[in-house]
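Asker: Please read through the structure below; I'll follow up with questions.
Nothing in this text is a laboratory measurement; each read-out follows from the coordinates by a stated rule. Since we're looking at a predicted model, the values are computed, not measured. Glycine gets a Cβ as well: all are built from the backbone with ideal geometry, and neighbour counts include every protein chain shown.
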Amino acid sequence: MKTFNILLVEDNEGDVILTLEALKEEQADEYVSVISDGQEALHFLRQEGRYAGAIIPDLILLDINLPKMDGKEVLTSIKTDEKLKKIPVIVLTSSSSEKDIFDAYRLQANCYVTKPLNLHAFTTAVRSIGEFWMKTVQLPQTKPV
């Protein structure tokens with residue numbers, strides 16, 4: 001089984017822990033990298049500087065409210081970059097603002113999930129994301145065969 005690589009871009013340490021625990025419950029063969037700000041996320045994705053050996057993820061879980069560069073700016077950069085734009089980006093955020101939802105889809109997010117406030121609902125939502133994107137969806141190979 002191929003290892004499934006996820007980039008979690010989240011600055012809230014509590015949400016990072018909950019997300020990692022929920023993904024672990026999926027018992028999938030995944031590897032999660034965690035970055036806490038938008039600028040670092042782009043350095044990671046572009047394999048710049050200390051991230052020169054970083055593995056390009058199969059899936060990105062992106063918060064909207066991030067320090068240094070917000071999630072919308074990160075999403076714009078990803079979806080306009082030829083090397084990165086094929087990576088599915090799931091916006092996973094506390095915002096339920098209609099403007100944020102509209103903007104995320106306009107900027108080509110693959111889906112938008114508002115983080116539930118209830119612990120069980122949050123875990124269920126993240127597990128559902130994992131189940132769908134890691135086990136159901138067929139994603140393109142890193143390089144065409």
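Asker: What is segment 11-62 by shape, rounded, prolate or oblate, if you read a ≥ b ≥ c off the alpha carbon gyration tensor as root eigenvalues and call it rounded for a/c under 1.5, prolate for a/b larger than b/c, and oblate otherwise?
Answerer: Judged from the Cα gyration tensor, segment 11-62 comes out oblate (a/c at least 1.5, b/c at or above a/b).
Asker: Same structure again: Determine the relative contact order of segment 26-141: mean sequence separation of Cα pairs under 8 Å and six or more apart, normalised by residue count, in whole percent.
Answerer: 23 percent
Asker: With the crude spin-label approximation of a point 7 Å out along Cα→Cβ, what separation in nm comes out for residue 114 versus residue 99?
Answerer: 1.6 nm
Asker: Using Cα pairs under 8 angstrom and six or more residues apart, how large is the relative contact order of segment 31-82, in percent?
Answerer: Value for segment 31-82: 41 percent.
Asker: Which value in deg cm²/dmol, rounded to the nearest 500, describes the helix-derived mean residue ellipticity at 222 nm for the chain, given -39,500 (n - 2.57) per DSSP H run of n ≥ 4 and division by the residue count?
Answerer: Roughly -10500 deg cm²/dmol at 222 nm, from the helical runs in the chain.
Asker: Cross-link list 24/83; 72/115; 72/135; 24/135; 86/135; 24/85: which exceed 21 angstrom alpha carbon to alpha carbon?
Answerer: 24/83; 72/135; 24/85
Asker: Can you give me the distance in nm between label points at residue 33 and residue 79, each placed 7 Å from the Cα along the Cα-to-Cβ direction?
Answerer: 2.2 nm
Asker: A further question on this structure: Specify the longest stretch of the chain that does not include any exposed loop site, a site being one of the trypsin sites (Lys or Arg not before Pro) with a non-H, G, I, E, B DSSP assignment and at most 15 other Cβ atoms within 10 Å.
Answerer: By the stated rule (loop sites, at most 15 other Cβ atoms within 10 Å), 3-67.
Asker: How about residue 79: which aspartates and glutamates have a C-alpha closer than 16 Å to its C-alpha, ignoring those fewer than 8 places off in the same chain?
Answerer: Partners within reach: 58, 63, 70, 103.
Asker: Given axes a ≥ b ≥ c from the Cα gyration tensor, I'd like to know whether segment 21-126 is rounded (a/c under 1.5), prolate (a/b larger than b/c) or oblate.
Answerer: Oblate, because a/c is 1.5 or more while a/b does not exceed b/c.
Asker: Most fluctuating residue of 103, 70, 58 in a GNM of the chain with Cα springs under 10 Å: which is it?
Answerer: 103
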